[in-house]
Amino acid sequence: MRNHPFDTFDREYLTELTRDFPVTPPISVDDALQQLKDRSQQWSPFEFVDTIRNDSTNFSLKEALPDLPKFLHRQAFKGILNNAGCYRSSHDEYKGYVEFGRPAKKLNDGAGCSDSRFRGIEPSLIEEKIESAVLELISDRGDPISNAAKFYQQFVRIHPFYDGNGRIGRFIVEAFLYYNDLYIRWGDMKRNGRWIKQLNYCHRKMTLQTMTTSYLFAMKWWVHHFQKYVHKIELDPNEKS
């Protein structure tokens, strides 16, 4: 099993980010792209979980999750962006504003969207909403697969960073599923184009104030689609307790 970072870094966008969040010494876009590629290939949610399991201090995944998004962003972008490890802020160069997602014909349904793209939530709400998403992930109310699907949708919709949200969200999902003896085939999901439609449908129906019936309906179908690509890890008989 390995991570499947199936989105690619946008050269033009990264050029803007390195210009507006410069580091010292400065880094070229080519070098930044290569470092990001190398780092993403080295990421292993499985090794991360195994390290936690073998930690003599009994440090748990639940304890690590709240700070994990910032930690992963810092690991990915250190030496590349001066805001590595920081959520979007209304005080930074972009005033905390970010758009994401492919253009759509119509997104006029009050979901916090522009004419063609989704907008990340207000920077002042990021910490609170990430905490809520993490609580959803580790909740005992649902099963691990449903919780992981809900977390991923909410994390992407919150869009806490200017870049790297998809990779970070998938790392956390893979780590959580592996912790529960499960794994997901991201590549197979990507090849079925319905996944992005189901995910975006949830994004459009999600509001920050209330859990609407339409959002719950959209989430039901997203979870149904997501769980098709999650499988049980078959342990070696000698590894079973």
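If you keep only loop residues by DSSP, which trypsin sites (Lys or Arg not before Pro) in segment 196-229 have at most 14 other Cβ atoms within 10 Å of their Cβ?
Passing both the DSSP loop test and the Cβ count: no residue.
Among CYS202, CYS86, what is the fewest-to-most ranking by other Cβ atoms within 10 Å? Kindly include the intermediate steps, with their values, before the conclusion.
Values: CYS202 26, CYS86 17.
Ordered by Cβ neighbours within 10 Å, fewest first: CYS86, CYS202.
Can you find, among HIS73, TYR87, PHE48, the residue farthest towards the positive end of the dipole of segment 45-95? Put +1 on the C-beta of Lys and Arg, -1 on that of Asp and Glu.
TYR87
The numbers here are math on the coordinates, done by the rules we state, and not lab data. Fair warning: this is a prediction, and the values are worked out from it, not measured in the lab. Glycine also receives a Cβ, built like all others from the backbone with ideal geometry; neighbour counts cover every protein chain displayed.
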